[in-house]
Amino acid sequence: MNSNDYNASPTPALCVADELADECDAGDGLAGAVRMQVPVAHAGLRLDQALARLLPQHSRSRLQAWLRAGQVCIDGQVITDARRKVWGGEWLDVRPLAADPQQLPAVAENIPLQICHEDEAILVINKPAGLVVHPGSGNWQGTLLNALLHHAPALAAIPRAGIVHRLDKDTSGLLVVAKTLEAQTELIRQLQARTVERHYLALVHGLVRLGGIVDAPIGRHPTQRTRMAVVPLERHGKEARTHYLVREQFADVSLLECRLETGRTHQIRVHMMTLGHPLVGEPVYGRGQRSVLPALRAFPRQALHAWRLALRHPASQQEMDWETPLPEDFAALLAQLRTQKAGVA
């Protein structure tokens, strides 16, 4: 499962829907019927995939339920087959079934954003730990999507307010957001082709001696549906690959640099657990790891930070990259570890 080749060549691209299903969790909520025209950029997508793009405030399961119930028409004809292709230019009529009153469309909220770069096509944001990226169960407000709608109201016209990938709530670091449909389409293509570079710093339990690759498919845990797990491809696991390098070693923890080749939900967290080196502060996949160092035991979240992002600008085609320093809590923890290491030496 491991090798020492950090720069292995990427494997073939995944389909757009697979990548987005892992990178973005959709919320729900829509009042009344909706009529919209399928953009040419969506040509060739399955109907359920196109609906997920056009109605990002709804979960895929809800949209599929509406399809099965005959609530979706293409050019006036009721369609129940989610696999039906769209080719651009068709008119879709969607008549939602009764929704939970709690489920409302996303609204703009004045939430501060740390913007690393902004132009007419993209935004690059340094997300703080604790901020949810997209509305979902238990987090219908106060998300990055709500903040984006306040910062740039025109993003209301872009699926998922321009979000093309995500970070877990308690993971900090860099995210790119598209400000136009054309930019979003191009960034999704780059994610498909695995040319977007996403580098993370992860503090893990145990001494990791060498870098390598974890190549293990990921899917929903078979019995605990809120968790992810290594799941064979034949059991609906999705290809997942994480490259890692050892940056520093301490008494009983290691600082790793991880590079995502794919973007599965909880990918680094699951893959590090698979190696036997769960993240410090890991609330779900920690396997009861307890360090003797109080600072490690007290760290309140998974020690994971997306520190570098590199991509081709969707409009200018210029190669661009950004780096952001560790947040205060992570940096302070490393400072303590380095002080302790120097004292022992």
Open item on the list: What does the C-alpha gyration tensor say about the overall shape of the stretch 215-323? Classify as rounded when a/c is under 1.5, otherwise prolate if a/b is larger than b/c, or oblate.
Closed with: oblate
Open item on the list: Please report the spacing between the Cα centers of the stretch 221-279 and the stretch 171-214 in Å, no decimals.
Closed with: 13
Open item on the list: Quick check on packing: order 124-132, 147-155 by the mean number of other C-beta atoms within 10 Å, highest mean leading.
Closed with: 124-132, 147-155
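Cα-Cα pairs above 29 Å in the chain: how many percent? It would help to have the intermediate numbers written out before the result.
Working: 24736 of 59340 pairs.
For the chain, the share of Cα pairs beyond 29 Å comes to 42 percent.
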- [ ] Treat each spin label as a single point 7 Å out from the Cα along the C-beta direction, and report the ARG247 to ALA331 distance in nm.
- [x] 1.3
Task: Values of log10 I(q)/I(0), in the order q = 0.13, 0.17, 0.22 Å⁻¹, for the stretch 124-254 under a Debye, Cα-only, solvent-free model - done: -0.75, -1.17, -1.35
TODO: Provide the FRET efficiency to the nearest 0.05 for the ARG35-ARG83 pair, computing r from the beta carbons and using R0 = 22 Å.
DONE: 0.45
Open item on the list: Can you bin every Cα-Cα distance in the stretch 92-193 into 10 Å intervals starting at zero and give me the percent of pairs per bin, rounded to whole numbers?
Closed with: 15, 46, 31, 8, 0
TODO: Return the long-range amide H neighbours of GLU109 (sequence gap of 5 or more, or a different chain), with a cut-off of under 5 Å between placed amide H atoms.
DONE: ALA147, LEU149, HIS150
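Leaving out ligands, DNA and RNA, what percent of the accessible area of the chain is carbon and sulfur, probe 1.4 Å?
Here carbon and sulfur together make up 51 percent of the probe-accessible area.
The values are calculated or read from the model by the stated rules, or taken from the named source; none is laboratory data. Because the structure is predicted, anything quoted here is derived from the model rather than measured. All Cβ positions, even for glycine, are placed from backbone atoms using ideal geometry, and neighbour counts span all protein chains on display. Accessible surface is based on the protein model in full, side chains and every heavy atom, while ligands, DNA and RNA are left aside. Shrake-Rupley method; radii C 1.70, N 1.55, O 1.52, S 1.80 Å.
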